[in-house]
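The values are calculated or read from the model by the stated rules, or taken from the named source; none is laboratory data. Owing to the predicted nature of the structure, the values given are computational and were not obtained by experimental measurement. Here the Cβ positions follow ideal geometry from the backbone for every residue, glycine too, while neighbour counts run over all protein chains shown. Accessible surface is based on the protein model in full, side chains and every heavy atom, while ligands, DNA and RNA are left aside. Shrake-Rupley method; radii C 1.70, N 1.55, O 1.52, S 1.80 Å.
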Amino acid sequence: MMPLRGGANRRLSFRAMWGWATAAALGALGAWGCARIFVGYPPPSGSPQALRRRELATLAAVAEALFPPGGEIPPSGSDAGIAAYVDRLVAASQPRQRQLMRALFFLIEHGTLAFPAPGGLSGLRRFSGLDASQREAVLDAWQHSGWFVRRLVFTSLRALCTLGYFADPTVLRRLRLAPYAIDTPVCEADLRYPRIGAAASSIPYTADDLTPPSDGAPIDLDGPWMAGFAEDAD
Amino acid sequence: MSEGDLRVFAGYDRDFTEEADAVVVGSGPGGAIVAGELTRAGYRVVLVEEGPPFTPGDYEVDGGLSMARTLREGGLRTTVGTVMPTMQAVALGGGSLVNSAICNRAPEFVLDRWCEDFDLSDTHLSDLDPHYDAVAETIGISPTPEAVQGRRNLLFRDGCDALGFSSEPIARNVRGCRGSGECFTGCRSRAKQSMDITTVPAALRGGATVLTSARVEAVETSGDRAIGVMGRIVAPFTGRPSHRFRVRARAVVLAAGCMATPVLLQKSGGIANRSGQVGRNLQFHPGVGVMGIFPDRVEPQFGATQGYQSREFLEAGFKLETLWAPPALLAVRLPGSGLDLKRRLADVPYSAVWDAIASCDRSLGRVEARRSGFDPKITWRLNPDDTPILAEAVYRLAEIFFAAGARSVLCGVHGFPDEIHTLEEAEILRRRTLRPSDLVLGGNHAFCTTRMHGDPTRGVVDELGRCHDLENLWIADSGVFPRCPSVNPMWTIMALARRTALALAERL
């Protein structure tokens, strides 16, 4: 092999150095990216059905920013168990919808890289790592963005959290919007259909169990709430 | 006639084949009527439904979980192009299980235009009236009684009266409504006469076989005839497929809905599409909702889900109506975050929500089968020329709210104040040109993807619902509408389906 001349040697080592430096930088970036995405999230309380701990952390942070303690309805987003509710909802969803919901959480959690919160470098932290005022500012920016897709991400995420907030019996009772107890008549269809997933043999009714249909009496606004929403159900 | 047979997911243990005079795919308002009429005429009918039957014990009063269980794609189905949620049910009884039971005859001027523009001769109101009447008797259609209107609905009437706009109690397929406002999550009072508790049991009494949790995946054909359908048993909620089934029949009726029927035709090798119209011409009634806040409690949770409407602006392109839904579903539309959002949520008991559905027949889309799975790709764009109709509808709703005494109105339009306190503030809706993305839309009435047309080169079915290309393949869902009907479509779907069933019964 011909020995390389000095200039070529230097160019090669310069290229090699650049190569190594680039690889090291990419490696560091990858490690930093992995750490940002995967590391440092607290273990979940309870046993989530579908969401990962990082997604639960994002949701908890969003829920607390959307529904902070105090105000006209006392329970906060955490009190109302929004993250656990969304976990149940994601578990009940089909794979494509699960992916879409997961994408929402990821966009909010790491969108601070593209749309940082106020506060200089600290505004680049992931959403769940921001302080309360920074989270509020970030959500406000998504909500009022001139870009439709950003608004859509925000409204979708807020919709999921609001569903969870209104699933809390305490919130519904506070607003007097809890569902009422209703005596459900037994009709012909009830003699034919079992509960979903059960065998036809499990149908509990016979023709003797049929009851008169609803008489159209308006529900009593001061009547009892549905089981599970009454105060003694807490 | 001997009693029929209903099969549920837990009852399937092997692949199987059924024989019938007619197989009907889909148990929503269209399919259930066809199955009922054919059974009554003495034919052996197999009714196939992908969803399970829901009992009151299976209902979820929570809006989100209810949607995840009763609606396709967990209630998260949207159009692409102009992004808009659109909901289709997957349950025995189809959409009738989770709709608000609104029944309107299509307006005379609409049906006259259908006849004129689509080469139809027998689809005037006078032609359909006998079918409307028969359906009304079957499912108990009558105006919502005053006793269960609730203040939320009556305020709408008061606002319309103050402005001189016509309004009326909405006719619904309900017997013994108690005003629980739970139409969208399943009526625990068993008052709503949905198909699962009316026409499907009637078909069973007449000897029909009803296969639930059975997804039809293809129509089988031989030459220019359909010879049956084939598919898989699917687990409720997950859709996981298991056993295979086949139904051989002398006639096939597709009533799977405006989204699923064209997908089924496309997945069956592109049948019934010599016109090239399968999946095309998709139209919606895009809807907008507006919330008004009143000085004192409205108690909006009480009252018929949708009890009052105004047809005042029908010819201008929109219909106005009252609305209630699980509080969570209404609250997702509220603006703001943090304590500001909580303040608005606390206003919900003082609020009423009214909405408009618009006839945007310049806004077209298409439904296409995806390479895998049976969920459609739905492309639709709101035509900029239709946007002013929706803006005007929002303005009119604000006008009615203020006339009824609302202290503020939340219009839900981007770039517009979150909350307005005078009608003058709403004037901007008339002055400014809105973009489609400025509006928060919903579109649950979908039409025209297998439209009827007198000319076989321009439509998929004829006036009676029979496919131009396959003489024993019929369609009986809202896909056959040649154009949107301007009012809630269920009753018209059922009237057309009854006509289809009677025509088919004559030919079987």
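Within the protein assembly as shown, what percent of beta bridges assigned by DSSP are antiparallel, to the nearest 5?
Details: 55 of 80 bridges.
The answer is about 70 percent antiparallel.
Find the Rg to Rh ratio for chain A, where Rh is the Kirkwood radius over alpha-carbon pairs and Rg uses the same atoms.
Reported Rg/Rh, Kirkwood definition of Rh: 1.22.
Report in % the part of the accessible area of the stretch A:53-167 that belongs to carbon and sulfur, leaving out ligands and nucleic acids; probe 1.4 Å.
C and S atoms contribute 62 percent here.
What trypsin sites (Lys or Arg not before Pro) does the stretch B:257-300 have in DSSP loop regions with at most 12 other beta carbons within 10 Å? It would help to have the intermediate numbers written out before the result.
Values: sites: B:LYS267, B:ARG274, B:ARG280, B:ARG297; in loops: B:ARG274, B:ARG280, B:ARG297.
Counting only loop positions with at most 12 other Cβ atoms within 10 Å, the trypsin sites (Lys or Arg not before Pro) in the stretch B:257-300 are B:ARG297.
Lys/Arg Cβ at +1, Asp/Glu Cβ at -1, dipole of the stretch A:91-234 taken about the Cα centre: which of A:ALA167, A:ILE196, A:PHE127 is farthest positive-ward?
Comparing the listed Cα positions along the dipole, A:PHE127 ranks first.
Counting pairs of alpha carbon atoms under 8 Å apart in space and at least six apart in sequence, what relative contact order in percent does the stretch A:53-167 give?
Value for the stretch A:53-167: 29 percent.
Per residue, how large is the accessible surface of the stretch A:53-167? Use a 1.4 angstrom probe and give square angstrom.
Accessible area per residue: 39 Å².
Mind listing the long-range amide H neighbours of B:LEU323? Cut-off is under 5 Å, sequence gap 5 or more, other chains count too, H placed in the peptide plane at 1.01 Å from N.
Counting only residues 5 or more places away or on other chains, the set is B:VAL353, B:ASP355.
Taking Rh as the Kirkwood radius computed over C-alpha pairs, what is the Stokes-Einstein D of the protein assembly as shown at 4 °C in a medium of viscosity 1.567 mPa s, expressed in µm² per second?
D, rounded to a whole number, is 48 µm²/s.
Give the dimensionless ratio obtained when the Cα radius of gyration of the stretch A:53-167 is divided by 2.2 N^0.38 Å.
Normalised Rg, Cα atoms only: 1.01.
Run the paramagnetic zone check for B:ALA235: 7 angstrom along Cα to Cβ, then residues of the stretch B:205-226 with backbone nitrogen under 20 Å.
Counting backbone N atoms under 20 Å from the label point, the list is B:212-217.
With a Förster radius of 51 Å, plug the Cβ-Cβ distance of A:LEU26 and B:LEU423 into 1/(1 + (r/R0)^6) and report the FRET value to the nearest 0.05. Please list the in-between numbers first.
Values: r = 60 Å, r/R0 = 1.17.
It comes to 0.30.
If you build a Gaussian network model of chain A, linking Cα atoms that sit under 10 Å apart, which residue out of A:ALA24, A:ALA217, A:ALA117 swings the most?
Taking springs between Cα atoms under 10 Å, the residue moving most is A:ALA217.
Report the rotationally averaged projected area of the stretch B:396-497 based on its alpha-carbon convex hull, in square nanometres. Intermediate results must be reported in sequence, preceding the final value.
Values: hull surface 36.6 nm².
That works out to 9.2 nm².
Which value, in debye to the nearest 20, gives the size of the charge dipole of the stretch B:152-207 about its Cα centre, when Lys and Arg are +1 and Asp and Glu are -1 at the Cβ?
For the stretch B:152-207, the charge dipole is close to 340 debye.
Could you pull out the chymotrypsin sites (Phe, Trp or Tyr not before Pro) across the stretch A:126-232 that fall in loop regions by DSSP (anything but H, G, I, E, B) with no more than 12 other Cβ atoms inside 10 Å?
Answer in residue order: A:TRP147.
If I take R0 = 25 Å and measure r between the Cβ atoms of B:ASP161 and B:GLU108 in this structure, what FRET efficiency does the formula 1/(1 + (r/R0)^6) give, to the nearest 0.05?
Values: r = 25 Å, r/R0 = 1.00.
Efficiency at R0 = 25 Å is approximately 0.50.
Where in the stretch A:145-234 are there trypsin sites (Lys or Arg not before Pro) that are in a DSSP coil and have at most 15 other Cβ atoms within 10 angstrom of their Cβ?
Answer in residue order: A:ARG176.
In nm, to one decimal, how far is the modelled label at A:GLN99 from the one at A:TRP18, with both set 7 Å along Cα→Cβ?
Between A:GLN99 and A:TRP18, the label points sit 3.8 nm apart.
Hey, how many Å between the Cα centroid of the stretch A:182-234 and the Cα centroid of the stretch B:253-308?
Spelled out, the Cα-based centre of one part sits 29 Å from the other.
Can you compute the charge dipole magnitude of the stretch A:53-167 about its Cα centre, using +1 on each Lys and Arg Cβ and -1 on each Asp and Glu Cβ, nothing else charged? Give it in debye, rounded to the nearest 20.
Value, rounded to 20: 540 debye.
Using the heavy atoms of the protein chains alone and a 1.4 angstrom probe, what is the accessible area of chain B per residue in square angstrom? If you can, show how the numbers build up before the last one.
Values: 16250 Å² over 508 residues.
For chain B, the solvent-accessible area averages 32 Å² per residue.
What base-10 log of the normalised intensity I(q)/I(0) is obtained for chain B from the Debye formula, alpha carbons as equal point scatterers, at q = 0.12 Å⁻¹?
Calculated log10 I(q)/I(0) at the listed q: -1.05.
At a 10 angstrom cut-off on C-beta neighbours, averaged per residue, how do the peptides B:6-13, A:99-106 rank from highest to lowest?
Those peptides, ordered most packed to least, come out B:6-13, A:99-106.
Would you work out the charge dipole size for the protein assembly as shown about its Cα centre, treating the Cβ of every Lys and Arg as +1 and the Cβ of every Asp and Glu as -1, and quote it to the nearest 20 debye?
3780
Cα convex hull of the stretch B:1-47: mean projected area in nm², to one decimal? The partial results should precede the final answer.
Details: hull surface 15.2 nm².
Its Cα hull, projected and averaged over all orientations, spans 3.8 nm².
Quick one: Cα convex hull volume of the stretch B:281-324, Å³ per residue?
Output value, Cα hull per residue: 104 Å³.
Across the stretch A:63-74, in residue order, what do the Karplus-derived ³J(HN,Hα) couplings come to in whole Hz, using 6.51 cos²θ - 1.76 cosθ + 1.60 with θ = phi - 60° and x for Gly and Pro?
4, 6, 6, 6, 10, x, x, x, x, 6, 10, x
Of B:CYS177, B:SER222, B:GLY373, which is farthest on the positive side of the dipole of chain B, counting Cα position, with +1 on Lys and Arg Cβ, -1 on Asp and Glu Cβ, and the Cα centre as origin?
Of B:CYS177, B:SER222, B:GLY373, it is B:GLY373.
Taking the inverse of the average 1/r across all pairs of different Cα atoms in the stretch B:1-98, what Kirkwood radius in Å do you get?
15.3
Could you state how much accessible area is buried at the A-B interface, both sides summed, with a 1.4 Å probe, in Å² to the nearest 100?
On the way: alone 15560 and 19080 Å², together 28940 Å².
Roughly 5700 Å² of accessible surface disappears when A and B pair.
Starting from the Cα gyration tensor of the stretch B:113-197, take the square roots of the eigenvalues, sort them a ≥ b ≥ c, and report rounded, prolate or oblate (rounded when a/c is under 1.5, otherwise prolate if a/b is larger than b/c, else oblate).
Verdict is oblate for the stretch B:113-197.
For the stretch A:115-234, what value does the Rg/Rh ratio take when both radii are computed over Cα atoms and Rh is the Kirkwood radius, given to two decimals?
1.23
Restricting to DSSP H runs of at least four residues, report the calculated mean residue ellipticity at 222 nm for chain B, -39500 (n - 2.57) per run over all residues, nearest 500 deg cm²/dmol. Write down the numbers at each step before the final one.
Details: 13 runs with 132 residues, N = 508.
Roughly -7500 deg cm²/dmol at 222 nm, from the helical runs in chain B.
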